[in-house]
Amino acid sequence: MKKNRSRGPADKGASRRPAQFGGRRAAPPARSAGRTRTVTGTVSANRGGFGFVRSEEMPESIFLPPREMGRLMHGDRVRVRASQGADQRWSGELEEVLERGVTAFLATVAIHGRNATVQSADRKLNLYCHVQPADLAGARHGSWVIARVLKYPADGAAGAARVERVLDPERPVTLATEAAIAKMGLPRDFPPAAVRDAQGHGTQVDPREAARREDLRGLPLVTIDGEDARDFDDAVYAERVDDGFRLVVAIADVSHYVREGTELDAEAQRRGTSVYFPQRVVPMLPPALSDELCSLQPRVDRLCLVADMQVSKSGLLKEARFYPAVMRSAARLTYGLAFAALFEGRPEARREIGPLVERLLPLVDLYRALLKARQRRGALDFDAPEPKFRISATEQISAIDLPLRNDAHRLIEECMVLANVAAARELETRHRPTLFRVHAEPDERKLEMLTTTLRALGVGLDLPPEITTRDLQKIAPRIKDPAARPFIEQLVVRSLMQAVYQPGNVGHFGLALKQYAHFTSPIRRYPDLVVHRTIKAMLSSDDPAGRAYTLPELEVMGQQLSEYEKRADEADRFVDSFLKCVYLRDRIGQTFDGLITAVVDFGCFVQILDAAADGLLHIDNLRDDDYVKDDALHAWVGLRSKRRLQLGSRVRVIVTAVNPVEGLIDLDLVPAEAPARARERRR
């Protein structure tokens, strides 16, 4: 299944650190020193019974003791009265639960006589509910299920729930996907009215509509996507002209079919984005549109909205024209095939594509020009591999591949970035309010944390008062250990702000662009659909698919769609972590190479390099010496051996325990090798 492509590695904003895998129970803060304030935030529960409220209103987390957590669950949106103690830490008292974070959850069933209960598999939830016999849906004692909350626990009394579906614990991919859908509250089935609306457009383009549009069916536009892609929302064509290139980016015209005021549009906005899992997709649009009529399939007519751009020899956008058109994709290419044929020139790949190859070669020269322009402006360009699971017919994880992107990936990425720039520039120039994709500059606090961490790694970093992406782009190449570079890149990404949608344009820091809007993926992102409607309203006041939005409308919509994007990312991370844990669960007792990514009071976090999974090396498992923590070195140091378990250093670890539901991996340390033996093993 196609992953949720951002068409730009720096566009996702800051990613969060993996959940803490253990540690000592936190002590409650000191008594209040008098400062109080009311704060709204999200509950983060701990298995120890206490929790924290994290709020955008203040940088510190607010501690919630067990007595306050009695009515709360992980993910609840709450309002608390926060008090600051003499030690400057904040504690909270619950005032109101604004929104429940959990409505359905992964659970196990217990049946004793006529009494049935479900217990959340995630210990942080600590959710225990009674189930009526009629609500068991065929579940038995010990079954794994998705349960829906009917009544929340309160004052020590259990809640009530019903079983929605029974799962097979031996099929971990389905289990993980269903758990993520329940955990994040993702929508499942489309309302019947939305399905009827989608199917009502038929299976072929209306010839009368095609006749009203510019005809690009003779232009050899092609789609280039992953091997398992099913929705093709962008096609490209390039040709050389006297002063540079002409680049045509044709995007599926979703706005023609998804009209405001319909149940189809309402449901698309409620979903906000498609969510891609390893063997399943939760689409934004019904399959009749997402997989068929809107998808730019080869050798069939499709409606599209086109960005027709003139690009200089140096890769700069000179001008752009937007227009609705009808097209016919000449070929559906994969990244692997396009790379082999266009960039490597392999004869067998070129034979597979046929005579079309010669018409596609200008794309290579255009890409090289765009890449140089990207490098000149100093955009962040991180290439950490994205894990790809090898899954058997019985859903067993046989391997985790970490493939690198090739130049065909980057070619499409650069074409999409340029089309997004062209759309944003055109709308801003014409003073048409829309949703921009903005990425603000990092704040000083995050930059200070980045600088401190890099110094601990031996990387001196002197940032100027006015920081640019070019300053951050210089960091990773200074790391000598190639295995450590993805970790360093993640440190940089975490220092950045989150990219969001909003009508106020502040530019895109990560891509080093002044104007940027998402235009290229309306099949799977609602913000792109908003941009398409805005462009159509700009082109013609008579187009029924056009829409001129007001700033207040866009403000509300931008906040909601940014949250939906975050929800999709969290669901993707949950399944990714779950399946990595399943892979390692079958390899308990095996030894792996690791990289220390954090040094904390209770041990070290270590990334297992072969699986790109983070585990905890607890201080209790450092048995080959007596270790003391050296805060200045960001290391645990052996008193006798002087061995340093330091941030950024390599270690050999043994997987000892795994909990996929909670994403927990416990590790043991392999004793240090003699230098000669280590050199031999490396050879």
Wholly within the stretch 475-593, helices (runs of 4 or more DSSP H) carrying at least 1 residues that are of a type in the set (Ser, Thr, Tyr) and within 18 Å of the chain's Cα centre (by Cα): 526-539, 551-585
Identity of the residue in the stretch 508-532, out of contact with any Phe, Trp or Tyr (no Cβ under 7 Å at 6 or more places or on another chain) and under 21 Å from Arg376 (Cα atoms), that ends up surrounded by the fewest Cβ atoms within 10 Å (Cβ to Cβ): Lys514
Residues that are more than 20 Å from Val459 (Cα to Cα) and assigned to a strand (DSSP E or B), drawn from the stretch 630-650: Val637, Gly638
Residue that is under 30 Å from Ile397 (Cα atoms) and among the aliphatic types (A, V, I, L, M), where the choices are Ala268, Ala229: Ala229
Strands (runs of 3 or more DSSP E) completely within the stretch 68-115 that count 2 or more residues being out of contact with any Cys (no Cβ under 7 Å at 6 or more places or on another chain), in contact (Cβ under 8 Å) with a residue 60 or more places away in the chain and surrounded by 15 or more Cβ atoms within 10 Å (Cβ to Cβ): 90-99, 104-112
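Leu356 - would you say it is at pLDDT 95 or above, more than 32 Å from the chain's Cα centre (by Cα) and assigned by TED's automatic domain parsing to the domain that holds Leu513? Reasoning before the result, please.
Working: at pLDDT 95 or above: yes; more than 32 Å from the chain's Cα centre (by Cα): yes; assigned by TED's automatic domain parsing to the domain that holds Leu513: yes.
So Leu356 passes the test.
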Test: residue in the stretch 479-499 that is in contact with a Leu (Cβ under 7 Å, 6 or more places away or on another chain), surrounded by 16 or more Cβ atoms within 10 Å (Cβ to Cβ) and among the β-branched types (Val, Ile, Thr): yes
Test: residue in the stretch 516-533 that is at pLDDT 95 or above and more than 26 Å from Asp231 (Cα to Cα): no
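From the list Ala235, Ala198, Ala210, pick out the single residue that is surrounded by 17 or more Cβ atoms within 10 Å (Cβ to Cβ), in the same structural domain as Pro287 (by TED's automatic domain parsing) and closer than 30 Å to Thr103 by Cβ.
Working: Ala235 fails: closer than 30 Å to Thr103 by Cβ; Ala210 fails: closer than 30 Å to Thr103 by Cβ.
Result: Ala198 is the single residue among Ala235, Ala198, Ala210 that is surrounded by 17 or more Cβ atoms within 10 Å (Cβ to Cβ), in the same structural domain as Pro287 (by TED's automatic domain parsing) and closer than 30 Å to Thr103 by Cβ.
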Any hit, the stretch 421-432, residues being more than 30 Å from Arg533 (Cβ to Cβ), part of a loop (DSSP other than H, G, I, E, B) and assigned by TED's automatic domain parsing to the domain that holds Asp234: no
Verdict on Gly615 being crowded, with 24+ Cβ neighbours inside 10 Å and either assigned to a helix (DSSP H, G or I) or not acidic (Asp, Glu) (or both): yes
Number of the exception - Arg270 against (1) modelled with pLDDT under 95; (2) under 19 Å from Leu561 (Cα atoms): (1)
Contacts under 7 angstrom Cβ, first residue in the stretch 517-536 being within 17 Å of Ala320 (Cα to Cα) and charged (D, E, K, R), partner modelled with pLDDT of 95 or more and surrounded by 24 or more Cβ atoms within 10 Å (Cβ to Cβ), 6 or more apart: Lys536/Ser255
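Per-residue answers, yes or no, for (1) among the aromatic types (Phe, Trp, Tyr); (2) free of Cβ contacts under 8 Å to residues at least 60 places away in the same chain; (3) touching a strand residue (DSSP E or B) at 6+ places or on another chain (Cβ under 8 Å); (4) under 30 Å from Ala456 (Cα atoms):
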{"position": "Glu555", "(1), (2), (3), (4)": "no, yes, yes, no"}
{"position": "Asp572", "(1), (2), (3), (4)": "no, no, yes, no"}
{"position": "Leu609", "(1), (2), (3), (4)": "no, no, yes, yes"}
{"position": "Ala612", "(1), (2), (3), (4)": "no, no, yes, yes"}
Hits in the stretch 36-57 - residues which are out of contact with any Ser or Thr (no Cβ under 9 Å at 6 or more places or on another chain) and under 13 Å from Ser91 (Cβ atoms): Phe50
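Give the number of residues within the stretch 377-398 that are among the hydrophobic types (A, V, I, L, M, F, W, C) and free of Cβ contacts under 8 Å to residues at least 60 places away in the same chain.
Of the residues in the stretch 377-398, 1 are among the hydrophobic types (A, V, I, L, M, F, W, C) and free of Cβ contacts under 8 Å to residues at least 60 places away in the same chain.
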Given (1) in contact with a Leu (Cβ under 7 Å, 6 or more places away or on another chain); (2) at pLDDT 95 or above; (3) of a type in the set (Asp, Glu), index of the condition Asp624 fails: (2)
Criterion (in contact (Cβ under 8 Å) with a residue 12 or more places away in the chain, buried (at least 22 other Cβ atoms within 10 Å of the Cβ), in contact with a helix residue (DSSP H, G or I) (Cβ under 7 Å, 6 or more places away or on another chain) and under 30 Å from Pro503 (Cα atoms)) met by exactly one of Leu561, Leu579: Leu561
Count of the stretch 158-200 residues which are modelled with pLDDT under 95 and touching a His at 6+ places or on another chain (Cβ under 8 Å): 2
Top-ranked residue of the stretch 117-157 - restricted to ones that are outside any loop (DSSP other than H, G, I, E, B) and basic (Lys, Arg), ranked as surrounded by the most Cβ atoms within 10 Å (Cβ to Cβ): Arg148
Strands (runs of 3 or more DSSP E) lying entirely in the stretch 225-309 (those with 1 or more residues that are among the small types (Gly, Ala, Ser)): 234-241, 244-252
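The values are calculated or read from the model by the stated rules, or taken from the named source; none is laboratory data. Since the structure is predicted, the reported quantities are computational estimates derived from the model, not experimental observations. Methodologically, a virtual Cβ is constructed for each residue, glycine included, from the backbone with ideal geometry; neighbour enumeration extends over all protein chains shown.
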